[in-house]
Structures are given as structure tokens and as C-alpha cells.
Amino acid sequence: LRLGIRMVQLRMTTPLITRIHGGMVAGRWVTDQAANIVMLVPGIYKVAWTEPTGTDVALDFVPNEKKLNGTIFFPKWVEEYPEITVTYQNEHIDL
């Protein structure tokens with residue numbers, strides 16, 4: 001399954017603020033998302049979290065080179081009904 005997520009906007013603080021700008025859940029916006037942020041080696045960071053929807057995200061950042069690599073695992077119900085999650089999530093799910 002290729003999701004076509006073109007851009008993820010992310011502030012490197014915790015809790016996170018995330019917005020999805022492309023792909024099947026374009027328009028999803030989450031604030032106050034707890035996450036694990038670690039420096040793997042100088043200049044390379046891993047950010048990982050599980051959303052209340054059950055979506056798991058793991059992203060690796062190399063900010064000095066403007067590179068991002070990651071994986072997002074969506075639950076089956078999000079794949080089948082992505083429009084349910086395309087909203088400001090905090091208004092609909094207790095965090």
C-alpha cells in the first residue's frame with residue numbers, strides 16, 4: 001500500500017504538533033501528542049509516537065541535510081475510512 005504522504009510538518013518539541021499535508025489523511029492535525037525524541041548520533045534524530053487512532057509513526061531526521069525518512073503504520077480502519085481522521089484530532093479524541 002503506497003500512501004503518497006508528501007509532507008509532514010513537525011515541531012521538534014514534546015509534546016508534538018503534527019499536520020499532514022498530503023496523502024490519504026491530508027488535513028489531519030494533532031497537538032499535544034506525546035512522543036519519544038532521541039538523538040541517535042550527532043545530527044541524526046529519531047521521533048516516534050503512537051496516536052490515539054492507533055497510528056504508529058517513526059521518523060528519522062537529518063536536519064543539517066534537510067533529510068527525512070520514516071514509516072507510518074495505519075490501522076486497517078484508517079485505511080478503509082481515512083476521512084474520519086482528517087480533522088483537528090484533539091477536538092474528537094481524549095488525549
Please identify the pairs in which a residue from segment 15-27 that is at pLDDT 80 or above has its Cβ atom under 6 Å from the Cβ atom of a residue that is in a strand (DSSP E or B) and among the charged types (D, E, K, R), counting only partners at least 6 apart or on another chain.
PRO15/ASP32
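Residue-by-condition table, conditions (1) at pLDDT 90 or above; (2) over 20 Å from HIS21 (Cβ atoms):
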{"residue": "LEU59", "(1), (2)": "yes, no"}
{"residue": "PHE73", "(1), (2)": "yes, no"}
{"residue": "LYS76", "(1), (2)": "yes, yes"}
{"residue": "THR85", "(1), (2)": "no, no"}
{"residue": "TYR88", "(1), (2)": "no, no"}
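Looking at segment 68-85 only, could you name the residues that are in a loop (DSSP other than H, G, I, E, B) and surrounded by 15 or more Cβ atoms within 10 Å (Cβ to Cβ)? Lay out the reasoning, then the answer.
Just the residues of segment 68-85 that are in a loop (DSSP other than H, G, I, E, B), to begin with: 74-75, 81.
If the condition is that a residue be in a loop (DSSP other than H, G, I, E, B) and surrounded by 15 or more Cβ atoms within 10 Å (Cβ to Cβ), then PHE74 is the only one that fits.
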Only residues in segment 55-68 that are in contact (Cβ under 8 Å) with a residue 60 or more places away in the chain and more than 10 Å from ILE44 (Cα to Cα) count as the first member; pair them with residues that are crowded, with 18+ Cβ neighbours inside 10 Å and of a type in the set (Ser, Thr, Tyr), Cβ under 7 angstrom, at least 6 apart or cross-chain, and list the lot.
none
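The values are calculated or read from the model by the stated rules, or taken from the named source; none is laboratory data. Predicted, not measured: the structure shown is a model, and the values here were computed from it. All Cβ positions, glycine included, derive from the backbone under ideal geometry; neighbour counts span all protein chains shown.
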